[in-house]
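Q: For reference, the structure I am asking about is given below.
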Amino acid sequence: MSESWRKDSVYQDGSLNYGRLALYAIMIFVAIIWGAPFIWMFVTSIKPDNEVFSYPPTWWPDEPTLEFYTRLFESFPMMQWFRNSLIVATITTVLTLATNILAAYPLARMRFRGRKIVLLIILSTFLLPGEILLVPLFLGMIKFKLANTYFSIAVPAAANAFGVFLMTQFFLTIPVELEEAGRLDGCSRLGLLLRIFIPLSKPVIATVAIFTFVRSWNDFFWPLIISNTDATRTVPVGLAVFVGRGLSMRFGVIMASAAAATIPAVIFFLLLQRYFVRGISTTGLQG
Amino acid sequence: MSSPAPKKAKRATSSWISVKNDLIAYAFMAPYLFLFIVFLLLPAFVGVYASFTKWGIIGDPKWRGLKNYTKLLNSELFIESLQNTLYFVVLAAIPLIVLGFLLALLVNQKLRGRNIARAIVFLPHVVSVAAVGIIFKWILERSSGLLNYYLGLLGVNPPINWLGDPDSAMPAIAITTIWWTVNGNMIIYLAGLQDIPEDLYEAARIDGAGRWQEVRYVTIPMLLPVNAFVIPLTVIACWRVFGQVFVMTRGGPQGSTFTIAQYIYETAFVKFDMGVASAAGVILMLITLSFTVVQLRAMKVI
């Protein structure tokens, strides 16, 4: 162990440090509180029917079984919901990246008339509660016969300003010299963006991509109102509607559905943790 | 030598260049601005307009002036939803801010395993509200729920009917919300903590400050700019609470968790009374905007 770690031991100068011991105890308590619901969900989902309501609660089933998962996938179009979620989140993410990268470039790097006002209007929408948009978007989609399409679920989410803000901030930090060197080589604006800005901005692009994807994957209110068929319904809406179908006491199947929806997200998160942390800490926005 | 003619020509060229420059800039922004205007800006204005009209799911809007607003303010259900939401904001926003800060302090300590603790607290962030809602519905279940079992071991008897009792339903929704979203604030505060220069702490220590005095006189004042956005964003998010309620209680029992967003949902998408729902949306917007302005004023940010 390195020198810096020795300082962190609960033993200091040969005696027990109660302050540090307390901090470790609190940290372990915190980890249990935030970890236990996941474990409980998973354990419930692999219990046989007669063990779900066992009292006192048991943290591991006597006879683990995947029966609830079989029942879940037999009774509900989970795979269709997953496919819908995947398609919707992909459309939103690709559209967001393409339009945001293009918009961030002039906002960060060009002087043009109206720059300040465009930025101000875009940023002011951070404070706009989205509920005000639901009725007009809904009526618009109905009017143009777009309800229950991937388009109607996915595209409005790409209007969100968070990515533009994040990328504009990042583009501002790229050295002017690089841009000038590119210009001397005869690069057009678009060439500069493609050959200099995008390669240098990979981390921020990844952050926006992952953030947008998860936000879209988990979005609830808008997909709930704009899709009411299994052909386009996303996973969260499927789960909520499915719980609403009077299965309120079948916790085994319900926990299997929650686990099926959660496990991919958790794996995704564990692989890409640092991008989430960066996205939140640089913008304050939380998906 | 310098005649006015070339000068004029030069000015003409430069203004032509600047127009061209403007055009290029707007061409780059055009795809995004199109999405932004069609799916955000325009709907926001239409939403405000709709609040002054009678508008069903089909047919054209009819102007009603302020009637939707007077109807709302005289509606017991709407006033109740305002009160319920305010109650939720108090129950959830304060812990979300304070606990977010305390968790950030904790996982910023040099403790072994702090990265694992951070990751575990952060995990609920990627889980959809539908899954969170149903997991907590099970944990909070009256007779076989995990929470009541452990509370029972601590001597809480009889078991609390969390989601079935009007007194405990909103606190239960708040607990769920805190578990689900406190991690966002934790991460923001953590980034703020890591930006505080170590010299400041050293200076405080030289002046004889203890651990808590360091927090009080260095950490908290240095986090003021962080608070300036954590607080409004948290409070706005709490005013908008929807998914948890929709999945866990649908506004019940006895309307005790019926929030503004729930009111908007029922009015617009169950009763199809778009005008009244829009007016409720505008009131929600006015509440969150005025809160933000008052708060930023109080913090002397604006």
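The values are calculated or read from the model by the stated rules, or taken from the named source; none is laboratory data. Given the structure is predicted, the values throughout are model-derived calculations rather than measurements. Cβ placement follows ideal geometry from the backbone for every residue including glycine, while neighbour counts extend to all protein chains displayed.
Q: Checking the conditions here, which among A:Ala261, A:Ala265, A:Ala256 is modelled with pLDDT of 80 or more and more than 9 Å from chain B (Cβ to nearest Cβ)?
A: Only one candidate passes the filter, namely A:Ala256.
Q: From the list B:Ala191, B:Ala209, B:Ala169, exactly one residue is touching a Ser or Thr at 6+ places or on another chain (Cβ under 7 Å) and at pLDDT below 90. Which is it?
A: Every option except B:Ala191 fails the conditions.
Q: I've got another one for you. Only one of (1) exposed (fewer than 15 other Cβ atoms within 10 Å of the Cβ); (2) within 14 Å of chain B (Cβ to nearest Cβ); (3) within 26 Å of A:Gln80 (Cα to Cα) fails for A:Arg183. Which number is that?
A: (3)
Q: Give the number of residues within segment B:292-302 that are more than 10 Å from chain A (Cβ to nearest Cβ) and either among the aromatic types (Phe, Trp, Tyr) or outside any loop (DSSP other than H, G, I, E, B) (or both).
A: Total meeting the criteria: 5.
Q: Follow-up question, since we're still on this one. Among B:Thr257, B:Thr267, which is more than 20 Å from B:Val46 (Cα to Cα), more than 8 Å from every other protein chain (Cβ to nearest Cβ), surrounded by 24 or more Cβ atoms within 10 Å (Cβ to Cβ) and at pLDDT 95 or above?
A: Going through B:Thr257, B:Thr267 in turn, the sole match is B:Thr257.
Q: Looking at A:Thr70 and the list (1) more than 8 Å from chain B (Cβ to nearest Cβ); (2) within 30 Å of A:Phe276 (Cα to Cα); (3) not in a loop (DSSP other than H, G, I, E, B), which single condition is not satisfied?
A: Of everything listed in (1) more than 8 Å from chain B (Cβ to nearest Cβ); (2) within 30 Å of A:Phe276 (Cα to Cα); (3) not in a loop (DSSP other than H, G, I, E, B), A:Thr70 misses just condition (2).
Q: Additional query: Out of (1) assigned to a helix (DSSP H, G or I); (2) buried (at least 23 other Cβ atoms within 10 Å of the Cβ); (3) touching a residue at least 12 places away in the same chain (Cβ under 8 Å), what's the single condition that is false for B:Asp167?
A: Failing condition for B:Asp167: (2).
Q: Which of the residues belonging to segment B:278-291 are touching a residue at least 60 places away in the same chain (Cβ under 8 Å) and either facing chain A (nearest Cβ under 7 Å) or touching a strand residue (DSSP E or B) at 6+ places or on another chain (Cβ under 8 Å) (or both)?
A: Scanning segment B:278-291 gives B:Ser278, B:Gly281, B:Val282.
Q: Can you name the residue in segment B:239-254 that is crowded, with 21+ Cβ neighbours inside 10 Å and at the interface with chain A (Cβ under 10 Å from one of its Cβ atoms) and, of all such residues, is nearest to B:Glu141 (Cα to Cα)?
A: Looking at the filtered set, the residue picked out is B:Met248.
Q: Pull out all pairs, ordered by first then second residue, where Cβ-Cβ is under 9 Å, the residues are six or more apart or on different chains, the first lies in segment A:193-217 and is without any contact (Cβ under 8 Å) to a residue 12 or more places away in the chain, and the second is outside any helix (DSSP H, G or I).
A: Between residues of segment A:193-217 that are without any contact (Cβ under 8 Å) to a residue 12 or more places away in the chain and residues that are outside any helix (DSSP H, G or I), the close pairs are A:Leu194/A:Cys187.
Q: Go through segment B:180-200 and report how many residues are buried (at least 17 other Cβ atoms within 10 Å of the Cβ) and not small (Gly, Ala, Ser).
A: The number of residues fulfilling the criteria is 11.
Q: Next up: Which numbered condition trips up B:Thr176, out of (1) closer than 20 Å to B:Leu106 by Cβ; (2) buried (at least 19 other Cβ atoms within 10 Å of the Cβ)?
A: With (1) closer than 20 Å to B:Leu106 by Cβ; (2) buried (at least 19 other Cβ atoms within 10 Å of the Cβ) applied to B:Thr176, the lone miss is (1).
Q: Which condition number in (1) touching a residue at least 40 places away in the same chain (Cβ under 8 Å); (2) under 28 Å from A:Ile117 (Cβ atoms) is the one that A:Thr234 fails?
A: It is condition (2) that A:Thr234 fails.
Q: Among the candidates A:Ala31, A:Ala22, A:Ala98, single out the residue that is at negative phi, surrounded by 15 or more Cβ atoms within 10 Å (Cβ to Cβ) and either more than 27 Å from the chain's Cα centre (by Cα) or free of Cβ contacts under 8 Å to residues at least 60 places away in the same chain (or both).
A: A:Ala31
Q: A further question follows. Only residues that are among the charged types (D, E, K, R) and either assigned to a loop (DSSP other than H, G, I, E, B) or touching a residue at least 12 places away in the same chain (Cβ under 8 Å) (or both): list them for segment B:44-66, please.
A: Listed by number, the residues that qualify are B:Lys54, B:Asp60, B:Arg64.
Q: Which numbered condition in (1) surrounded by fewer than 19 Cβ atoms within 10 Å (Cβ to Cβ); (2) part of a helix (DSSP H, G or I); (3) at pLDDT 90 or above; (4) more than 11 Å from chain B (Cβ to nearest Cβ) is the only one that A:Ile142 fails?
A: For A:Ile142, the failing item is (4).
Q: Output the number of the condition that A:Gly191 fails; it satisfies all remaining conditions of (1) within 13 Å of chain B (Cβ to nearest Cβ); (2) more than 30 Å from B:Val270 (Cα to Cα); (3) crowded, with 17+ Cβ neighbours inside 10 Å.
A: If we test A:Gly191 against (1) within 13 Å of chain B (Cβ to nearest Cβ); (2) more than 30 Å from B:Val270 (Cα to Cα); (3) crowded, with 17+ Cβ neighbours inside 10 Å, just (3) comes out false.
Q: Applying the selection to segment B:164-211, what residues are within 14 Å of chain A (Cβ to nearest Cβ) and in contact with an Asp or Glu (Cβ under 8 Å, 6 or more places away or on another chain)?
A: Selection gives nothing.
Q: Restricting to segment A:1-34, name every residue that is modelled with pLDDT of 70 or more and not in a helix (DSSP H, G or I).
A: A:Leu16, A:Asn17 - these are the residues of segment A:1-34 that are modelled with pLDDT of 70 or more and not in a helix (DSSP H, G or I).
Q: Checking A:Glu180 against (1) modelled with pLDDT under 90; (2) under 30 Å from B:Phe242 (Cβ atoms); (3) of a type in the set (Asp, Glu), only one condition comes out false. Which one?
A: Checking A:Glu180 against (1) modelled with pLDDT under 90; (2) under 30 Å from B:Phe242 (Cβ atoms); (3) of a type in the set (Asp, Glu), the one that fails is (2).
Q: Still on this structure: Would you check if A:Thr212 is crowded, with 22+ Cβ neighbours inside 10 Å and either hydrophobic (A, V, I, L, M, F, W, C) or touching a Gly at 6+ places or on another chain (Cβ under 8 Å) (or both)?
A: For A:Thr212, the condition - crowded, with 22+ Cβ neighbours inside 10 Å and either hydrophobic (A, V, I, L, M, F, W, C) or touching a Gly at 6+ places or on another chain (Cβ under 8 Å) (or both) - is met.
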